[in-house]
């Protein structure tokens, strides 16, 4: 009798456990993620985008999103103005905002937060840019704060939106001064639609919905749990079984999601997969075929982007616009560049061969192509393989070297010795404001400086520097638009930095657990969306 | 006996010191954590600031001295990724692995001993071949694949068990099976060969001559003796599971030290990687020492050797 009894007890425990696990209560929105980043509850202690998953539910940002179109919108500040001299921004805060401990959110908190994120101990990724930009911060009154900038920076306000950077996060001054940094990280308090409950390292972060309506949207679920599930197959299984409502996925999982009865939510314009040529302005590579613009254009014409969209990205990607430009970008002429992209980025292998022949390489030439993928975008390696395959078809002998990002990244800094005269895969992250990327890639002082460096800046490089200066400092909207379009022209016509596809963020959704929802264009992470995700009965899937 | 223990402890300290140097050097060969922490459009100034904030701007020899000095005081540094003491991060995760390992060991024993016994008793027969096939499958099946298959069958298709994560008893079933499968093959082969050896011994022959039944001979005389080498290897198996559960913990989203090791490597979190490897080494050395001491206690020849 003992054995059956033990079996019975074990089985009942198991079944009970399963019932509890599978019937994960319907009041909790569970999102399974591939990464939780550093999983540190403090904006100054994390550097990369994963904190847009888990910081955004808890904290508001000084400048918010345009939830419909993507890009910048009202946040903690409902509006902002630029001073006549262009050197200070005044932010007007919403009335009646409170932190979860009851303290009112005031201009003092905003000043404290910005100064804290610029402090030496901050490793936040945009902190250095903010340090360079901010002269001083002044509290005008409880609901008005003024930031004096170092010179005229037309896009300064946008940089305080999570659509661009994470440095606009507002934290509670009084609370941090009372409990200290350690106390704050253990029990963080914010003003967002979700209150912090628990942070279990390597496993999950739990939140609870606020009791009162919130300007970002009042949560439809009582609780929000973000699970760290590194393996994609496991995340998909959890969504299929209902253990999670939503899971982050890559494009390679799209077919499985469709066949498994799950829904796919795609976030448009989260990134651009590109390839770029390094150091072609340097004398040591002056004889390289790649220095000929016809050759570079031929390489672009050889790529069948639609094939990549259809087969590598399972049709869930878009035709790209020029380098670092998205359909929600500001200060650019989107219709003009959409037309350009349709023609210039076409697949035309015959024209590609003709251009190669004109350049003196009718049978092709050898080239080195570094293939790599940034964290969270493993599909970039497959895109790189496809691109190399297309180049081979027009006779180019591609020596493809696939390296992990951690190995590749240092190669692009400093002397760029291994990269000069070669092509590499790269990506640009989706931001409404493209100037940070122009600075990085195209200007002579930028870390990549593809057109030239301060010691060796040819005409194209000088023109890019000039256009960039106007992009980031011109106050006249029309002139700034013209400068921005010029910047795009320089990138597009040089074929030095070439878009391949416009990528998306992908989410697998269990329609029995979660209703239909719309993400914010360009923002892959759902930290600013969770409060607007409905229950399945509130907005069923078609 | 005390001299023996002291000698083994001193040997362990030397091993740890050498290991610390090797880990310190190898961790830095693979790249710099700043490159993974920085956004791709970070400037040289951003990088310099981050390196300073992380304490990685100092020369390597200086970092080594600081590491050794800290380690001697029990401080293995601050995790670059988690912004917490690396030792604290390790011990936060260790209990999660320790709840899984004994269950996996128990499951491996429950399966492998009867199978090994059957294979030995029915040597050369169909049963032996079936057991042999199971052993080969166990060795050849990657844990990663087995885990995913188990999830597909028991979670998705049958809906009996949860797919992943720590939780109630049902959450342990699939990871325990995956982890145990890794051991069953080796353990079974060990039991089989031990039993075969004992079956050929004089005292077993005598037991049979005395007219004892096959069941008594096998269970009472043979198995007990055959299990000695298996029990001896328990320490090795235990250490193997604690340090080698990376794949199982990743597939089942189990927040244990196996996955922590993987994360430390991927993110080039030097202090965490150093701490994890050193602390695991201490565990392995501790378990080995305990087994050796036990062995020396049981067999005086060992301590006089």
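The values are calculated or read from the model by the stated rules, or taken from the named source; none is laboratory data. Owing to the predicted nature of the structure, the values given are computational and were not obtained by experimental measurement. Heads up, the Cβs are rebuilt from the backbone with ideal geometry, glycines too, and the neighbour counts pull from every protein chain shown.
List the residue pairs whose Cβ atoms are under 9 Å apart, where the first residue sits in the stretch B:146-161 and is free of Cβ contacts under 8 Å to residues at least 24 places away in the same chain and within 7 Å of another protein chain (Cβ to nearest Cβ), the second is outside any helix (DSSP H, G or I) and buried (at least 20 other Cβ atoms within 10 Å of the Cβ), and the two are 6 or more positions apart or on different chains.
Pairs found: B:155/A:243; B:155/B:161; B:155/B:162; B:155/B:163; B:155/B:164; B:156/B:163.
Return the residue satisfying two criteria in turn: it lies in the stretch B:178-200 and is under 16 Å from residue B:245 (Cβ atoms) and away from chain A (no Cβ under 13 Å), and of such residues it is surrounded by the fewest Cβ atoms within 10 Å (Cβ to Cβ).
The extreme case among them is B:186.
With the condition kept exactly as written, say whether any residue in the stretch A:410-430 is within 30 Å of residue A:232 (Cβ to Cβ), crowded, with 18+ Cβ neighbours inside 10 Å and out of contact with any strand residue (DSSP E or B) (no Cβ under 8 Å at 6 or more places or on another chain).
no
Could you identify the single residue in A:226, A:236 that is under 20 Å from residue A:517 (Cα atoms), within 14 Å of another protein chain (Cβ to nearest Cβ) and assigned to a strand (DSSP E or B)?
A:226
Restricting attention to the stretch A:489-518, which residues are buried (at least 24 other Cβ atoms within 10 Å of the Cβ) and in a helix (DSSP H, G or I)?
A:491, the sole residue that qualifies.
When you look at residue A:484, is it assigned to a helix (DSSP H, G or I), touching a residue at least 24 places away in the same chain (Cβ under 8 Å) and more than 20 Å from residue B:42 (Cα to Cα), yes or no?
yes
Quick check, is residue B:36 surrounded by 15 or more Cβ atoms within 10 Å (Cβ to Cβ) and at the interface with another protein chain (Cβ under 7 Å from one of its Cβ atoms)? Can you show your working first?
Values: surrounded by 15 or more Cβ atoms within 10 Å (Cβ to Cβ): yes; at the interface with another protein chain (Cβ under 7 Å from one of its Cβ atoms): yes.
Yes; evaluated as a whole, the condition is true for this residue.
For the stretch A:235-248, enumerate the residues that are touching a residue at least 40 places away in the same chain (Cβ under 8 Å) and either out of contact with any strand residue (DSSP E or B) (no Cβ under 8 Å at 6 or more places or on another chain) or surrounded by fewer than 24 Cβ atoms within 10 Å (Cβ to Cβ) (or both).
Of everything in the stretch A:235-248, those that are touching a residue at least 40 places away in the same chain (Cβ under 8 Å) and either out of contact with any strand residue (DSSP E or B) (no Cβ under 8 Å at 6 or more places or on another chain) or surrounded by fewer than 24 Cβ atoms within 10 Å (Cβ to Cβ) (or both) turn out to be A:240, A:241, A:242, A:248.
Taking the conditions exactly as written (more than 11 Å from chain A (Cβ to nearest Cβ), in contact (Cβ under 8 Å) with a residue 40 or more places away in the chain and over 21 Å from residue B:263 (Cβ atoms)), does residue B:105 satisfy them or not?
Judged against the criteria, residue B:105 is a match.
Would you check which residues across the stretch B:1-30 are within 11 Å of another protein chain (Cβ to nearest Cβ) and at pLDDT below 75 and list them?
Quick first cut of the stretch B:1-30, residues within 11 Å of another protein chain (Cβ to nearest Cβ) only: B:29-30.
Hit for the stretch B:1-30 is B:30, nothing else.
Would you pick out the residues in the stretch A:448-461 that are assigned to a helix (DSSP H, G or I) and more than 29 Å from the chain's Cα centre (by Cα)?
If the condition is that a residue be assigned to a helix (DSSP H, G or I) and more than 29 Å from the chain's Cα centre (by Cα), then A:459 is the only one that fits.
Tell me, which residue of the stretch B:39-71 that is more than 7 Å from every other protein chain (Cβ to nearest Cβ) and in a loop (DSSP other than H, G, I, E, B) is surrounded by the fewest Cβ atoms within 10 Å (Cβ to Cβ)?
By that ranking, first place goes to B:59.
What single numbered condition from (1) within 14 Å of chain B (Cβ to nearest Cβ); (2) within 26 Å of residue A:70 (Cβ to Cβ); (3) touching a residue at least 24 places away in the same chain (Cβ under 8 Å) fails to hold for residue A:404?
Evaluating residue A:404 over (1) within 14 Å of chain B (Cβ to nearest Cβ); (2) within 26 Å of residue A:70 (Cβ to Cβ); (3) touching a residue at least 24 places away in the same chain (Cβ under 8 Å) leaves (2) as the failure.
Before we move on, is residue A:320 in contact (Cβ under 8 Å) with a residue 40 or more places away in the chain, under 23 Å from the mean Cα position of the chain (by Cα), surrounded by 15 or more Cβ atoms within 10 Å (Cβ to Cβ) and within 14 Å of residue A:300 (Cα to Cα)? Let's see the steps before the verdict.
Values: in contact (Cβ under 8 Å) with a residue 40 or more places away in the chain: yes; under 23 Å from the mean Cα position of the chain (by Cα): yes; surrounded by 15 or more Cβ atoms within 10 Å (Cβ to Cβ): yes; within 14 Å of residue A:300 (Cα to Cα): yes.
Spelling it out, residue A:320 is indeed in contact (Cβ under 8 Å) with a residue 40 or more places away in the chain, under 23 Å from the mean Cα position of the chain (by Cα), surrounded by 15 or more Cβ atoms within 10 Å (Cβ to Cβ) and within 14 Å of residue A:300 (Cα to Cα).
Could you tell me which numbered condition residue A:522 fails, if it satisfies all but one of (1) at pLDDT below 90; (2) on the phi < 0 side of the Ramachandran plot; (3) crowded, with 24+ Cβ neighbours inside 10 Å?
With respect to (1) at pLDDT below 90; (2) on the phi < 0 side of the Ramachandran plot; (3) crowded, with 24+ Cβ neighbours inside 10 Å, residue A:522 is out only on (2).
Consider residue B:88 against the criteria (1) more than 11 Å from chain A (Cβ to nearest Cβ); (2) without any contact (Cβ under 8 Å) to a residue 12 or more places away in the chain: it satisfies all of them except one. Which criterion is unmet?
Residue B:88 satisfies every listed condition except (1).
Residues that are under 20 Å from residue A:526 (Cβ atoms) and more than 14 Å from chain B (Cβ to nearest Cβ), at least 2 per element: which strands (runs of 3 or more DSSP E) completely within the stretch A:117-201 meet that?
Counting at least 2 such residues, we get A:194-200.
Of the conditions (1) over 21 Å from residue A:380 (Cβ atoms); (2) exposed (fewer than 15 other Cβ atoms within 10 Å of the Cβ); (3) touching a residue at least 60 places away in the same chain (Cβ under 8 Å), residue A:307 fails just one. Which one is it?
The one condition residue A:307 does not meet is (1).
Restricting attention to the stretch A:93-103, report how many residues are in contact with a strand residue (DSSP E or B) (Cβ under 6 Å, 6 or more places away or on another chain) and surrounded by fewer than 17 Cβ atoms within 10 Å (Cβ to Cβ).
Within the stretch A:93-103, residues that are in contact with a strand residue (DSSP E or B) (Cβ under 6 Å, 6 or more places away or on another chain) and surrounded by fewer than 17 Cβ atoms within 10 Å (Cβ to Cβ) number 2.
For the stretch A:283-293, enumerate the residues that are assigned to a loop (DSSP other than H, G, I, E, B) and either under 20 Å from residue A:371 (Cβ atoms) or without any contact (Cβ under 8 Å) to a residue 40 or more places away in the chain (or both).
Correct list: A:286, A:287, A:288.
Tell me whether the stretch A:205-212 contains one or more residues that are within 13 Å of chain B (Cβ to nearest Cβ), surrounded by 21 or more Cβ atoms within 10 Å (Cβ to Cβ) and free of Cβ contacts under 8 Å to residues at least 60 places away in the same chain.
no
Could you check the stretch A:250-282 and list, in sequence order, the residues that are assigned to a helix (DSSP H, G or I), touching a residue at least 40 places away in the same chain (Cβ under 8 Å) and touching a strand residue (DSSP E or B) at 6+ places or on another chain (Cβ under 9 Å)?
Those that are assigned to a helix (DSSP H, G or I), touching a residue at least 40 places away in the same chain (Cβ under 8 Å) and touching a strand residue (DSSP E or B) at 6+ places or on another chain (Cβ under 9 Å): A:251, A:253, A:254, A:257.
Tally the residues that are more than 30 Å from residue A:244 (Cα to Cα) and not in a loop (DSSP other than H, G, I, E, B), restricting the search to the stretch B:164-201.
Of all residues in the stretch B:164-201, those more than 30 Å from residue A:244 (Cα to Cα) come to B:183-201.
In the following step, the residues that additionally are not in a loop (DSSP other than H, G, I, E, B) were identified as B:183-199.
The number of residues fulfilling the criteria is 17.
Please specify each residue of the stretch A:294-335 satisfying the condition of being under 24 Å from residue A:482 (Cα atoms) and not in a loop (DSSP other than H, G, I, E, B).
A:334, A:335, listed by residue number.
Could you say which residue among A:120, A:154 is at pLDDT below 90 and exposed (fewer than 15 other Cβ atoms within 10 Å of the Cβ)?
A:120
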